[in-house]
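What follows is one structure encoded as structure tokens, with my remarks underneath.
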Amino acid sequence: SCTGILYGAAAALTKSVMSYLDDGFVDVISSWEVYALIVVITLGTYLQQSAFQAGSLAQSLPAISVFEPVIAVILGMTVLEEDLQADGLQWALIAVSAVAMIVSTAALARSQGESQPTPELEPAPAPA
């Protein structure tokens, strides 16, 4: 879940960094957002790889896949002051889509994790 949160933050930072591109290269490399983006992506990738090595895909992938877009939307609406313009039926469609994303991601990750055979461990040879 930390990886999903970091990747969500990376999406918001990417938008901020992109806004500096029109101002020139010097403005891009002198903005704090660029360095925060590098740290967030590096840490997120490290945590993601650690999660993949520590447990099964069925445990790590759903959290990462679900948290990233949720955090990105929350940060976009709060920090970046983006507007989500929707009314009655559109809100219902957004809710149904979010639930479908969560359920299908969890089901897919579980099925992928269950279909992979676990390697058989061979006993270590006795010392001579």
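The values are calculated or read from the model by the stated rules, or taken from the named source; none is laboratory data. In this text, all values refer to a predicted model and were calculated from it rather than measured experimentally. Side chains included, ligands, DNA and RNA excluded: accessible areas come from the protein's heavy atoms. Shrake-Rupley method; radii C 1.70, N 1.55, O 1.52, S 1.80 Å.
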Could you sort Ser30, Ser97 by accessible area so the largest value comes first, with the probe set to 1.4 Å?
Ser30, Ser97
Rank Asp83, Asp27, Asp22 by accessible area, highest first, at a 1.4 Å probe radius?
Asp22, Asp83, Asp27
In µm²/s, what is D for the chain at 25 °C and 0.890 mPa s, where D = kT/(6 pi eta Rh) by Stokes-Einstein and Rh is the Kirkwood radius from Cα pairs?
141
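Using a probe radius of 1.4 Å on heavy atoms only, what accessible surface per residue do you get for segment 1-114? Whole Å² is fine.
Values: 7350 Å² over 114 residues.
Here the residues of segment 1-114 average 64 Å² of exposed surface.
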For the chain, return all DSSP H helices satisfying: extent of Cα atoms along own axis at least 27 Å; mean Kyte-Doolittle hydropathy at least 0.0.
32-54, 57-78, 88-115
